[in-house]
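Student: Handing you this structure, nothing more for now.
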Amino acid sequence: MNFSSLSEIAKYIVADGKGILAADESNPTCKKRFDSISVESTEENRRDYRELLFTSEGMKKNIGGVILFDETIRQHSDSGKSLVEIIVERGALPGIKVDKGLQPFNGSEIETLTQGLDDLDERCAEYAALGAKFTKWRAVISIGQNIPSQECIDANMEALASYAKTAQKHGMVPIVEPEVLINGEHSIEDCYDATSRSIKSLFDYLDSYDVDISGTILKPNMVTPGLDHAHAATVEEVAEATVKCLNDNVPTELPGIAFLSGGQTEIESTEHLNMMNKIGGFPWKLSFSYGRALQASALSAWLGKKENISAAQDAFSHRAEMNKLASLGKWSHSLEE
Ligand code: 13P
């Protein structure tokens, strides 16, 4: 696939209701997921599992991009094909996580600053040569007593802007991910406030670093109450708060917004996305870039066994299709039965 601009790449990834499969779990995170199904996290098992996802029927038509981890972008299937080739054959673009995880921010016990800028230029050159068409960097913002601090938000958003500039220099679309964590007792209003401050700061820095917004994808959290908050929010409340937050802070030139699932269940993530697209009236595509919410059922169907591969692929394909429908506002509960 040939593209003449960053904007074309970004538009391709979220065209026609398509979304992104986040399969970029670091090895420690992948071990956590595999521990939950009692599968050993070896390099081969990680490859087999990702290959199962990438060769699923549901990749076609529903998935426009796949985010990979450094190990995966270099792996080959037993047939000798690289996993990158397998993704491209399914009509999706390969992308790569380029951040190097979190370090404490200013000695804080909770706040963090995402690392990875030091050798980013060289790493981006290599990833582009390996076929990556887009990249991802995740900043993490926590809600708690007197946090997030504006200093922590700004330091993380400036790093995201600096990263985005470097990715674009190498012809790759940056996915900018300012994740406000769902963990905690906070209210939906607290989440709105932290998300809104983060996204505002992010676009201010993207502007001052002269990042091409038309060749960028935003990967935000939805605006929800914390997991331990006393009252759950309705689907309508989450959808309305999230759309308002985005309308107030995201420029119209941005081609697409692809949400993270962040600890919501598979159905919640689909339902919320669908409701936002039913509300409609915004200038960007509103799509998905889910990790857990695309993989949870597939992982528990697989259990590391060859004889379960096809059931796991069906589970993944179903979620991919449901989320594509949600990106078009055409999903309903009855389709889950
Ligand atoms: P979740 O959808 O599981 O939150 O993962 C998305 C992701 O890529 C987080 O960086």
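Student: If you check Ala159, Ala194, which single one turns out to be in contact (Cβ under 8 Å) with a residue 24 or more places away in the chain and within 16 Å of the ligand (Cβ to nearest atom)?
Tutor: On inspection, the qualifying residue turns out to be Ala159.
Student: Let me ask something else about it. Which ones in segment 55-76 are of a type in the set (Ser, Thr, Tyr) and in a helix (DSSP H, G or I)?
Tutor: Thr72
Student: Out of Asp78, Asp70, Asp119, I need the residue that is in contact with a strand residue (DSSP E or B) (Cβ under 8 Å, 6 or more places away or on another chain), open to solvent by 10 Å² or more (accessible area, probe 1.4 Å) and of a type outside the set (Gly, Ala, Ser). Which one?
Tutor: Matching residue, one of Asp78, Asp70, Asp119: Asp70.
Student: In addition: For segment 249-273, name all the residues that are hydrophobic (A, V, I, L, M, F, W, C), within 17 Å of Glu179 (Cβ to Cβ) and within 15 Å of the ligand (Cβ to nearest atom).
Tutor: Once the filter is applied, which keeps residues that are hydrophobic (A, V, I, L, M, F, W, C), within 17 Å of Glu179 (Cβ to Cβ) and within 15 Å of the ligand (Cβ to nearest atom), segment 249-273 yields Ile257, Ala258, Phe259, Leu260, Leu273.
Student: If you go through segment 173-217, how many residues are more than 25 Å from Glu236 (Cα to Cα) and polar (S, T, N, Q)?
Tutor: Qualifying residue count, segment 173-217: 4.
Student: Out of (1) away from the ligand (no atom under 16 Å from the Cβ); (2) among the polar types (S, T, N, Q); (3) in contact with a Ser or Thr (Cβ under 6 Å, 6 or more places away or on another chain), the odd one out for Asn308 is which?
Tutor: Among (1) away from the ligand (no atom under 16 Å from the Cβ); (2) among the polar types (S, T, N, Q); (3) in contact with a Ser or Thr (Cβ under 6 Å, 6 or more places away or on another chain), Asn308 violates only (3).
Student: Within segment 259-337, considering only helices (runs of 4 or more DSSP H) that don't extend past its boundaries, which have at least 1 residues that are open to solvent by less than 60 Å² (accessible area, probe 1.4 Å) and more than 25 Å from Val39 (Cβ to Cβ)?
Tutor: The helices (runs of 4 or more DSSP H) meeting that bar are 266-279, 309-327.
Rundown of residues vs (1) in a helix (DSSP H, G or I); (2) away from the ligand (no atom under 16 Å from the Cβ), yes/no style:
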site	(1), (2)
Ile9	yes, yes
Asp24	no, no
Lys31	yes, no
Glu40	no, yes
Glu44	yes, yes
Arg47	yes, yes
Leu53	yes, no
Asp78	no, yes
Asp99	no, no
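Student: Here's another thing I want to ask about it. Of these, Ala125, Ala129, Ala139, which one is open to solvent by 40 Å² or more (accessible area, probe 1.4 Å) and closer than 15 Å to Pro174 by Cα?
Tutor: None of the other options fit; the residue is Ala125.
Student: Separate question: Filter segment 274-292 down to residues that are among the aromatic types (Phe, Trp, Tyr) and farther than 27 Å from Arg50 by Cα and give me whichever is nearest to the ligand (Cβ to nearest atom).
Tutor: Per the stated criteria, the residue is Trp284.
Student: Just give me the residues in segment 11-22 being part of a helix (DSSP H, G or I) and within 16 Å of the ligand (Cβ to nearest atom), in sequence order.
Tutor: Ile13
Student: Is at least one residue of segment 120-143 in a strand (DSSP E or B) and away from the ligand (no atom under 16 Å from the Cβ)?
Tutor: So far as segment 120-143 goes, no, none of its residues is in a strand (DSSP E or B) and away from the ligand (no atom under 16 Å from the Cβ).
The values are calculated or read from the model by the stated rules, or taken from the named source; none is laboratory data. In this text the structure is predicted, and so the values were computed from the model without any measurement. Neighbour counts run over all protein chains shown; Cβ positions are idealised from the backbone, glycine included. Heavy atoms of the whole protein, side chains included, go into the accessibility calculation; ligands, DNA and RNA do not. Shrake-Rupley method; radii C 1.70, N 1.55, O 1.52, S 1.80 Å.
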